[in-house]
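The values are calculated or read from the model by the stated rules, or taken from the named source; none is laboratory data. Because the structure is a prediction, the values reported are computed rather than measured. Glycine gets a Cβ as well: all are built from the backbone with ideal geometry, and neighbour counts include every protein chain shown. The accessibility values were calculated without ligands, DNA or RNA, using every heavy atom of the protein model including side chains. Shrake-Rupley method; radii C 1.70, N 1.55, O 1.52, S 1.80 Å.
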Protein chains: 2
Amino acid sequence: MTPVKIGILGLGTVGCGTVNVLARNGTDIAGRAGRGIEVVAAAARDIERERDCDTSGIRLTTDPGVVVDDPEVEVVVELMGGTETARDLVLRAIDAGKHVVTANKAMIALYGNEIFERAHARGVMVAFEAAVAGGIPIIKAIREGLAGNRIEWLAGIINGTGNFILTEMRDKGRDFEDVLAEAQSLGYAEADPTFDVEGIDAAHKLAILASIAFGIPLQFDRVAVEGISGITREDVSFAAELGYRIKHLGIARRMDNGYELRVHPTLIPERRLIANVDGVMNAVLVQGDAVGPTLYYGAGAGAEATASAVVADLVDVVRALTTDPENRVPHLAFQPDALSDHPVLAMEDVHTSFYLRLRTQDRPGVLADITRILGEHGISIEAILQREPDPQRGEATIIMLTHAVREGAMNEAITAVEALPHLLTPITRIRMEAL
Amino acid sequence: MTPVKIGILGLGTVGCGTVNVLARNGTDIAGRAGRGIEVVAAAARDIERERDCDTSGIRLTTDPGVVVDDPEVEVVVELMGGTETARDLVLRAIDAGKHVVTANKAMIALYGNEIFERAHARGVMVAFEAAVAGGIPIIKAIREGLAGNRIEWLAGIINGTGNFILTEMRDKGRDFEDVLAEAQSLGYAEADPTFDVEGIDAAHKLAILASIAFGIPLQFDRVAVEGISGITREDVSFAAELGYRIKHLGIARRMDNGYELRVHPTLIPERRLIANVDGVMNAVLVQGDAVGPTLYYGAGAGAEATASAVVADLVDVVRALTTDPENRVPHLAFQPDALSDHPVLAMEDVHTSFYLRLRTQDRPGVLADITRILGEHGISIEAILQREPDPQRGEATIIMLTHAVREGAMNEAITAVEALPHLLTPITRIRMEAL
Ligand SMILES: NC(=O)c1ccc[n+]([C@@H]2O[C@H](COP(=O)([O-])OP(=O)(O)OC[C@H]3O[C@@H](n4cnc5c(N)ncnc54)[C@H](OP(=O)(O)O)[C@@H]3O)[C@@H](O)[C@H]2O)c1
Ligand SMILES: NC(=O)c1ccc[n+]([C@@H]2O[C@H](COP(=O)([O-])OP(=O)(O)OC[C@H]3O[C@@H](n4cnc5c(N)ncnc54)[C@H](OP(=O)(O)O)[C@@H]3O)[C@@H](O)[C@H]2O)c1
């Protein structure tokens, strides 16, 4: 059979990775797919520049629309990034009846509902395995591998830069800013690291995971997001002393009254497998009612790891080329008419345990005042760690681990405790999950 | 659309688990698959007995052939176990043009080549996700999720009973026989535990994993197998002292001159994620050339965990019911004409590092004799741990970790060392992998 002809929008990290993997493993890939895959056209902003992949035999253009419209191109692979232009190009490909593969989590999180609706109407596939957790086949695992389950919750380390920073802070006792600067110089973090460290990138991915796990429309704007820039070296080491690691998790949980969708730093017991996922690696823990806990681990980014997911999607698309569209795996795991409209919960209505760090004046009765206020808000304490007070400064540091409480109650309690005259700085609070 | 009608052979642990999951999650499953799945017929040896699942509305028979031949049954789900009868029934279903789902690793490992050839010729699917690592979607991950990769190696904890025994030996310093007896009373191990502890069950699964990873025919008879019954409490604790855990691994590796297929106890550095997979849980680490290392973790057995995989296969089959057979995922990952005929290596030709435990008379020069012989066989030593000799008995215990060496050379060296007059017992040798 003749190879399937594809066009790639973007020849950067992932685009060139994809060209390289298709070239190197072409025989194996055709042996699996039953047909070869040939890159016939590609777009980049600068087509004169030296690239990390061999583009000979590929028609290059600076206009991605030319690739989309190329009559020879059967499948469009969007690896440009950005949201608006990428969305327009993907819709244009769909309208032309072409299948799409993309690694663009921001675009899927923001415009996925529209894109999938259009693709469904037109009978084409939009595949996005590479959009979440890079090379880990997590979309396929949840959407197909766990299709027999009611997914109860999932929790993932889905931003490698954030995990690298937290790992270095713990292993080497370094400060956040210091490690961030290193991550930037190593090329892990973007020059503008906000998407990574403030949790936006993880929130994009969590919105996608929640959709396919629960069968709900994409709701990026309903994800509660907290980054890691407020985590201090002390918190990391206090957590360690208490037997926990701090990880930046994306968590989605099915509750009776709605779904929790949240991204925030989280204390996890150190013996949990996911607590030991270090450096730039990603992992997603998925709890199904039948299968129990399952975990998927691997590289969440990088040229070839991401290309691995792009190529897996291409193989799926190649297989589907002649298939009845109604029998394909639905974009969001459930058939469009079987999606649920159960609400996403406000963060106030989420229940978790908490780690609290308080800096107080070293006076008798301070601890009693604090525990009384917490008790009045229905918050019970599981463990207290009190540092030797610093007599010179007359200061004390108190660490508390609480039992699970509604976040709204915790917020009120914190406001009340912070109003005490002896509190020196705002309270640090980090959520905890047993997982 | 009308539901797809299925027949189940066997209503034991997995059969009833499957009936229960299909009943409980029927709406979600139909929402994913686009069609419901209805159990219309089932076979068991004793159809009067009380079962762990509701069989009302299911036609029961003691003759599995009746289910296979039932004209209403579109898909046959084989959950009886055993190899000969199961094989005959599966072939009969295939000949009748029916798709098959099975959890039977022994049958696939022994007769898979014949079964898949027949299924391919007849244009039906035989799905076997539940045959390896229970609920973990590892077949799908390797066969589809990593389709862009050249798989370099994989290593798995793929027998829960064996892992439970090794975990208990380490955590509680217990003896092998003692823990085995408990595992049997807990119902983890079979009354005849040979398949679990001697590695046969793991070898069945490894043969399957190797086929889909490398695109080679099933070659169960070429798997080198060693069980865990020879592992002592001392070895587990010496390994711990040196920073290692002992795990019973199935390992498949692509080498220039052929494939390594082996199941044996293995020392792994304790910081590796897979070294921390404990109790009855399973995990498979897969190294792809593009994606790097990925790990898949979950329950390897149990009624509903295994049913989770059976149902996922059913959903795939439902989707494929109207698909052109040529576009389905090939049984062994590669198209039948793209399978490789690269050989499986003899164990003598496998290179690993080794842990050696020697009991010797406490005489000067013994260690020098041993290291000289190892050196003559090209074996260099990475670490030595010498226990305080026992002066009463005049005995010493020596632990050595070696660098990687061809197993044939190690076998010769061990024979030569064991011929030394000062050796008191045969040498214990356990292979090591850095992973
Ligand atoms: N990097 C990763 O590890 C990773 C992992 C998972 C997902 N992703 C996602 O994959 C996508 C691509 O990421 P990347 O890291 O490969 O980005 P990148 O290295 O910046 O590459 C982007 C490519 O797109 C081209 N491009 C951008 N805008 C264009 C335009 N308007 N017209 C023509 N060409 C244009 C660029 O051309 P020039 O080369 O000429 O500038 C470049 O080749 C993003 O959605 C990202 O979120 C990346
Ligand atoms: N158990 C697990 O966790 C697990 C995990 C992965 C894979 N598997 C595989 O799944 C398969 C089933 O395992 P299982 O644990 O569910 O076994 P099981 O509990 O022993 O169930 C076997 C069932 O098959 C029926 N059966 C056996 N021979 C029969 C015959 N000749 N005619 C009619 N019915 C017959 C039995 O009937 P009666 O009930 O009347 O005796 C029983 O219902 C095996 O291939 C196993 O390797 C099991």
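Some values worked out for this structure:
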| quantity | calculated |
| --- | --- |
| Amide proton proximity set for A:Gly148, modelled H, under 5 Å, gap of 5+ | B:Ala312 |
| Under-26-angstrom lysine pairs by C-alpha in region B:77-207, whenever the two are 8 or more apart or on separate chains | 5 |
| Probe 1.4 Å - accessible area at B:Ile414, Å² to nearest ten | 20 Å² |
| Whole-angstrom gap from region A:349-393 to region A:56-113, using each part's C-alpha centre | 54 Å |
| Those GluC sites (Glu not before Pro) in region B:157-249 that DSSP places in a loop and that have at most 12 other beta carbons within 10 Å | none |
| Contact order relative to length of chain B, as percent, for alpha carbon pairs under 8 angstrom and 6 or more apart | 16 percent |
| Sites B:Ser229 and B:Asp337 - FRET efficiency at Förster radius 51 Å, r taken between beta-carbons, to 0.05 | 0.75 |
| Mean Cα-pair separation over length for region A:97-136, i.e. relative contact order, pairs under 8 Å, 6 or more apart, % | 60 percent |
| Exam field: B:Gly173 pseudo-label spacings to other copies (7 Å along Cα-Cβ), nanometres | 3.2 |
| Accessible area of region B:348-432 divided out per residue, in Å², using a probe of 1.4 angstrom | 48 Å² |
| Number of partner chain Cβ atoms within 10 Å, mean per residue of B:423-430 | 0 |
| P(r) weight above 35 Å for the protein assembly as shown, C-alpha pairs, percent | 54 percent |
| Point-charge dipole on Cβ atoms (K/R +1, D/E -1) for chain B, about Cα centre, debye to 20 | 800 debye |
| Isotropically averaged projected area of region A:77-152, using the convex hull of Cα atoms (one quarter of hull area), nm² | 5.4 nm² |
| Order of exposure, largest accessible area first, which applies to A:Arg253, B:Arg431, B:Arg118 with probe 1.4 Å | B:Arg118, A:Arg253, B:Arg431 |
| Along each principal axis, Cα extent of region B:280-435, largest first, Å | 76, 36, 26 |
| Surface share of carbon and sulfur [accessible, 1.4 angstrom probe, percent] for region A:296-435 | 49 percent |
| Amide proton proximity set for B:Val39, modelled H, under 5 Å, gap of 5+ | B:Ile6 |
| Top positive-direction residue, dipole computed over chain B with Cβ charges, set B:Ile370, B:Val223, B:Pro269 | B:Pro269 |
| Residue with peak Gaussian network fluctuation, chain B [Cα springs, cutoff 10 Å], from B:Gly57, B:Gly97, B:Gly243 | B:Gly57 |
| Protein accessible area in region B:1-84, 1.4 Å probe - carbon and sulfur % | 49 percent |
| Cα centroid separation - region A:295-338 against region B:146-181, whole Å | 31 Å |
| Inter-copy label distances at A:Pro389 (7 Å, Cα→Cβ; nm, one decimal) | 6.1 |
| Over 18 Å [Cα-Cα, region B:348-432], rounded percent | 36 percent |
| Prolate/oblate/rounded label for region B:300-350 (Cα gyration tensor, a/c 1.5) | oblate |
| Top of A:Leu420, A:Leu166, A:Leu242 by mean-square fluctuation, Gaussian network on chain A, Cα under 10 Å | A:Leu420 |
| For region A:183-206 versus region B:1-32, the gap between their alpha-carbon centres in whole angstrom | 43 Å |
| Of A:Ala202, A:Gly160, A:Tyr296, farthest towards positive along the dipole that unit charges on Lys, Arg, Asp, Glu beta carbons give region A:138-298 | A:Tyr296 |
| Interchain or long-range residues, amide H under 5 Å from A:Ser353's placed H | A:Val405, A:Met432 |
| The protein assembly as shown: calculated mean residue ellipticity at 222 nm from DSSP helix runs of at least 4, using -39500 (n - 2.57) | -10500 deg cm²/dmol |
| Sequence of A:His342, A:His422 from largest to smallest accessible area, 1.4 Å probe | A:His342, A:His422 |
| Qualifying trypsin sites (Lys or Arg not before Pro) for region A:367-429 [loop in DSSP, other Cβ within 10 Å: at most 16] | A:Arg387, A:Arg393 |
| Cα coordinate range in chain B, projected on the principal axes (Å, largest first) | 82, 47, 34 |
| Other-copy label distances relative to A:Asp362, 7 angstrom Cα-Cβ extension, nm | 5.3 |
| Choice from A:Gly375, A:Gly160, A:Gly81 showing the highest fluctuation, given a GNM over chain A with Cα pairs closer than 10 Å | A:Gly375 |
| Ranked order, B:Arg143, A:Arg271, A:Arg150, B:Arg170 - accessible area, probe 1.4 Å, largest first | A:Arg271, A:Arg150, B:Arg170, B:Arg143 |
| Projected area, mean over directions - region A:138-298, Cα convex hull, nm² | 9.4 nm² |
| Share antiparallel - DSSP beta bridges, the protein assembly as shown, percent rounded to 5 | 70 percent |
| Accessible area (Å², 1.4 Å probe, nearest 10) - B:Arg59 | 120 Å² |
| Given charges at beta-carbon only (K, R positive; D, E negative), |dipole| of the protein assembly as shown in Debye | 40 debye |
| Between B and A, accessible area buried - total, square angstrom, nearest 100, 1.4 angstrom probe | 4800 Å² |
| With all protein chains modelled, accessible area of A:Cys53 [1.4 Å, Å²] | 20 Å² |
